[in-house]
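Enquirer: Sharing a structure, written as C-alpha cells. Questions coming.
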Amino acid sequence: MKQTIKSALAAVALVLGTVPAVFGASDGVRIEHLGLNNTLVRVTGNGKYVMLPVEDSKDDARINVLSDGRLDRTINVRLAQSKVDFYVPFDITPYKGHELVLNVVTPQGRSSIREAQDDACWKNITVADTFSVANTEKHRPAYHHTPQWGWMNDPNGMFWKDGVWHLYYQYNPYGSKWQNLSWGHSTSTDLINWEHQPVALEPDGLGMIFSGSCVVDSANTAGFGKDAVLAMYTSADVSQVQSLATSTDGGRTFTRFPGNPTLTLSSEARDPNMFWNDKTGEWNLVLAHALDHEMLIFTSPDMKTWTLQSAFGKGEGAQDGVWECPDLFELPVSGTDEKKWVLICNINPGGPFGGSAAQYFTGEFDGKTFKADTDASGKIPTKWMDYGKDHYATVSWSGAPDGRRVVIGWMSNWQYAAEVPTRQFRSANTLPRDMELFKGHDGQVYLASVPSPELLALRDRLAVSVRGAAVNTKGKSFALPAGNGGVCEISLDINAMKADSVELQLSNHQGEKVIVTYNPAAHTVAFDRRESGNVGFSQNFPAVTVSPTFETGGRINLRMFIDRSSIELFGDGGRFVMTNLVFPDNPYTHMTVRSFGGKAKVSDLKIYSIK
C-alpha cells in the first residue's frame, strides 16, 4: 500500500512539475526534465560523440555545456520536436574524465512537463563512437567544396603556404542554418580535392567568429615567430570588434591573442582583411564599415596597434544593404604597362538581380588612401564581379604562388540560402578563379575572373567534339555525359552571324531546363533558370540574370561548368561571369543550340565528362 501511495504522489508531482522527470540511463545519457523549457542531459557513456537530433524547421534550443559544474561553452541547436531530420555530433572526447552535463533550454512552450518530455529529441539523443559523413543529398556538388555537414557561408582567412591552399569558412557544426559561427577549415594541394580539418576557431567570450583573413608573417613583424600564421577576424556579440589569433603549426590550430580585441569602434564594423605593403613597409587593413556603406583603411607596424588613415565609399557604387567582406590588391592591366588596385566590396542586399552580390572598384592606392577610377562623366561607375544570383563574399588567397591572385566565393544568396532543398549540408563554394584586369572598349578597366588552370585536371572523357555547325530555329542537340550525376564541362565558340539571338538550352526528360541566350546587338548574355527544376522553395529563386559581354563583333566563347546543383558560366576567358544555383529533379541530359532571326555558327564545341 505504501508503495502504491508513493507512486501516485510521484505521478501527481510529475504533472504539477514539482520534481524532475527522470529517465533511466540508456544509450549513454540520463535525461532529467526540470521544467517546461529546461532539461538536463547527463552524459554517462564513454563514446566520442553525443548525437544531437535536429528538426530543421524548429527554433534553436540553447545548450550550456557544463564540465565539472563549470560552463565550458554554449551552443544553439534546433533540437527535434516531432521528427528527426538528421543528427549532428558534439565531440565529447575533450571531456573524458570529467562530469559532463548539457543544460538545455528549449524555446517551445509546453502545458506540462509530461508534454515537454515527449519531444523527439529526448528519445533520440545517444552517445556513439562513430558518425557517418556519407552523403545523403542528391544535390551535393560533385566537384565543388562543401562542408561534410552543417551550414557554411563566407570563405575566410585563406592563405597559401608550403604548397597547401588553406580555406577557412563561416561554419555551423550543429545545424544547417546560420548559428554558432566558427571557422571551419579545409586544405588542398590542387584547389580541387579538399581535405576536411578540425574546426580552427570556435566562439568565445567575445562572441561568434565572423569573417576575417590570414597572412603569413615571414618577417616576424608581430613578434609571434617567423612564418607564424596570423588571423584577424570579427568577434560578434552585442558589439562587433576585431580580434587576433596566431598559429605556429601552419594554420592547423590557433591561439587567441590575450589582448583581444585589438581594434574597436563605436559603430558596426567587420570582416578585417590585411596584407603587408612592401612599398610602405607596414601592414594595411581594410575593414567594412557595414551600415555606413564604406571601407575603412588602417595601418600598423605590428598587427596589434592600428591607426585609421582614411575611408572610401560613402555615396559611391551600390549603396543598398550593408557593405561586407572587403579585399584590396594590385594587378597589371593586360596588354598595357599599367597597374591598378582593385577594391572588392560585397554587399547585401543590393545585387543587380536582388539579394547579395560582389561589386568592385579599380583605382589607385598609396598605402593610406584609395582613389577610385571615374568614367567619362567624372563619376565612379558600379562594377560587378559576377552577374549571377549566387556569388558572394568573394575574397582572395594571401600569398598565392607565382604572383597569382586567386579568389573563391560563397555560392548562394542571402535571399534563400537557408531554404535551398538540402539538409545534411547547406552551401558550396564557387570554383577558384584567377583575377586579371583588362580594358573595355569604353576605356574603363574591368576585372576578369578566369577559371583557375588547376580545373583542367577535372576533365575526364571528351564526350562531344564538333569543329563547326550551322544552327537555325530548328536547332542542334547534343547529349551530355550521363555518368556521375550528369556533371560536365562545356566549351564552345558562337558566331551570331546574321542571327538576332543564339540560345543554348540545357534540359532533361522531365522538361526542366536552363536557357542561356546571347544577344549580339545588345551585347548581353542572359541566364534563365525559371524552369530549371525545383524553384518553389523561395519566390526570389526563379530568375533571369543578364550580363554584359564587353564584345563588339558578334562572337563569344562560353565555358560552362555544370555540377549537380550549380552552373558557372565564364565568357571570353572570364571577362563576364554568371554563377547560378539550379536544383533539377534529374540531371540535364541534352544541350540544344538554336538561333533566331537568321543562321548562326557554333564551332570548337567540346563537352567533357568530369572525373
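Enquirer: Can you report the number of residues in segment 163-185 which are part of a strand (DSSP E or B), within 25 Å of ASP56 (Cα to Cα) and of a type outside the set (A, V, I, L, M, F, W, C)? First the steps, then the outcome.
Expert: Of the residues in segment 163-185, the ones part of a strand (DSSP E or B) are 164-172, 182-185.
The next check asks that each one be within 25 Å of ASP56 (Cα to Cα); those that pass are 168-172, 182-185.
Checking the rest, the ones that are also of a type outside the set (A, V, I, L, M, F, W, C) come to 168-172, 182, 184-185.
Number satisfying all stated conditions: 8.
Enquirer: With respect to the numbered conditions (1) surrounded by 18 or more Cβ atoms within 10 Å (Cβ to Cβ); (2) in contact (Cβ under 8 Å) with a residue 60 or more places away in the chain; (3) in a strand (DSSP E or B), which one is the sole condition not fulfilled by SER603?
Expert: The number of the failed condition is (1).
Enquirer: Specify the residue that is surrounded by the most Cβ atoms within 10 Å (Cβ to Cβ); the eligible residues are those in segment 133-157 that are of a type in the set (Gly, Ala, Ser) and either part of a strand (DSSP E or B) or in the same structural domain as PRO584 (by TED's automatic domain parsing) (or both). Steps first, please.
Expert: Pass one, segment 133-157, residues of a type in the set (Gly, Ala, Ser): 134, 142, 150, 157.
From the residues that got through so far, the ones that are either part of a strand (DSSP E or B) or in the same structural domain as PRO584 (by TED's automatic domain parsing) (or both) too are 150, 157.
Values: GLY150: 25, GLY157: 30.
The qualifying residue surrounded by the most Cβ atoms within 10 Å (Cβ to Cβ) is GLY157.
Enquirer: Within segment 399-419, identify whether any single residue is hydroxyl-bearing (Ser, Thr, Tyr) and under 30 Å from the mean Cα position of the chain (by Cα), and answer yes or no.
Expert: Among the residues of segment 399-419, at least one is hydroxyl-bearing (Ser, Thr, Tyr) and under 30 Å from the mean Cα position of the chain (by Cα), which makes the answer yes.
Enquirer: Take THR374 and decide whether it is at pLDDT 95 or above, in a loop (DSSP other than H, G, I, E, B), hydroxyl-bearing (Ser, Thr, Tyr) and closer than 27 Å to GLY350 by Cβ.
Expert: yes
Enquirer: Name the strands (runs of 3 or more DSSP E) wholly within segment 242-354 that hold at least 1 residues that are under 24 Å from the mean Cα position of the chain (by Cα)? Quick ask: steps written out before the conclusion?
Expert: Details: elements: 270-277, 282-289, 294-300, 307-312, 322-332, 339-348.
Result: 270-277, 282-289, 294-300, 322-332, 339-348.
Enquirer: Right, something else. Please determine whether any residue of segment 278-290 is hydroxyl-bearing (Ser, Thr, Tyr), free of Cβ contacts under 8 Å to residues at least 40 places away in the same chain, in the same structural domain as GLY223 (by TED's automatic domain parsing) and farther than 22 Å from HIS185 by Cα.
Expert: Within segment 278-290, not a single residue is hydroxyl-bearing (Ser, Thr, Tyr), free of Cβ contacts under 8 Å to residues at least 40 places away in the same chain, in the same structural domain as GLY223 (by TED's automatic domain parsing) and farther than 22 Å from HIS185 by Cα.
Enquirer: Inside segment 518-557, can you point out the residues that are aromatic (Phe, Trp, Tyr) and buried (at least 16 other Cβ atoms within 10 Å of the Cβ)?
Expert: Going residue by residue through segment 518-557, those that are aromatic (Phe, Trp, Tyr) are 518, 527, 537, 541, 550.
Residues satisfying the conditions are TYR518, PHE527, PHE541, PHE550.
Enquirer: Please specify each residue of segment 569-589 satisfying the condition of being among the aromatic types (Phe, Trp, Tyr) and part of a strand (DSSP E or B).
Expert: PHE570, PHE576
Enquirer: Condition (residue is over 30 Å from THR136 (Cα atoms), modelled with pLDDT under 95, among the β-branched types (Val, Ile, Thr) and assigned to a strand (DSSP E or B)) applied to segment 3-14: is it met by at least one residue?
Expert: Checked against the condition, which is being over 30 Å from THR136 (Cα atoms), modelled with pLDDT under 95, among the β-branched types (Val, Ile, Thr) and assigned to a strand (DSSP E or B), segment 3-14 yields no hits at all.
Enquirer: Can you pull out every residue in segment 193-222 that is of a type in the set (S, T, N, Q) and surrounded by 15 or more Cβ atoms within 10 Å (Cβ to Cβ)?
Expert: GLN197, SER211, SER213, THR221
Enquirer: Could you tell me how many of the residues in segment 540-562 are among the β-branched types (Val, Ile, Thr) and over 12 Å from THR517 (Cα atoms)?
Expert: Within segment 540-562, residues that are among the β-branched types (Val, Ile, Thr) and over 12 Å from THR517 (Cα atoms) number 2.
Enquirer: Would you be able to tell me the number of residues in segment 474-497 that are on the phi > 0 side of the Ramachandran plot, surrounded by fewer than 21 Cβ atoms within 10 Å (Cβ to Cβ) and under 28 Å from the mean Cα position of the chain (by Cα)?
Expert: Total satisfying the criteria: 2.
Enquirer: Could you grab me the full set of residues in segment 300-321 that are within 23 Å of GLY355 (Cα to Cα), of a type outside the set (Asp, Glu) and in contact (Cβ under 8 Å) with a residue 24 or more places away in the chain?
Expert: Here is the first cut: in segment 300-321, the ones within 23 Å of GLY355 (Cα to Cα) are 312-321.
After this cut, where a residue has to be of a type outside the set (Asp, Glu) as well, the list is 312-315, 317-319, 321.
Once the filter is applied, which keeps residues that are within 23 Å of GLY355 (Cα to Cα), of a type outside the set (Asp, Glu) and in contact (Cβ under 8 Å) with a residue 24 or more places away in the chain, segment 300-321 yields PHE312, GLY313, GLY317, ALA318, GLN319, GLY321.
Enquirer: Spot the failing condition for TRP160; the list is (1) out of contact with any helix residue (DSSP H, G or I) (no Cβ under 8 Å at 6 or more places or on another chain); (2) crowded, with 16+ Cβ neighbours inside 10 Å, and only one is missed.
Expert: (1)
The values are calculated or read from the model by the stated rules, or taken from the named source; none is laboratory data. These figures come from a predicted structure and were not determined experimentally. As a convention, Cβ positions derive from the backbone with ideal geometry for all residues, glycine included, and neighbour counts pool all protein chains shown.
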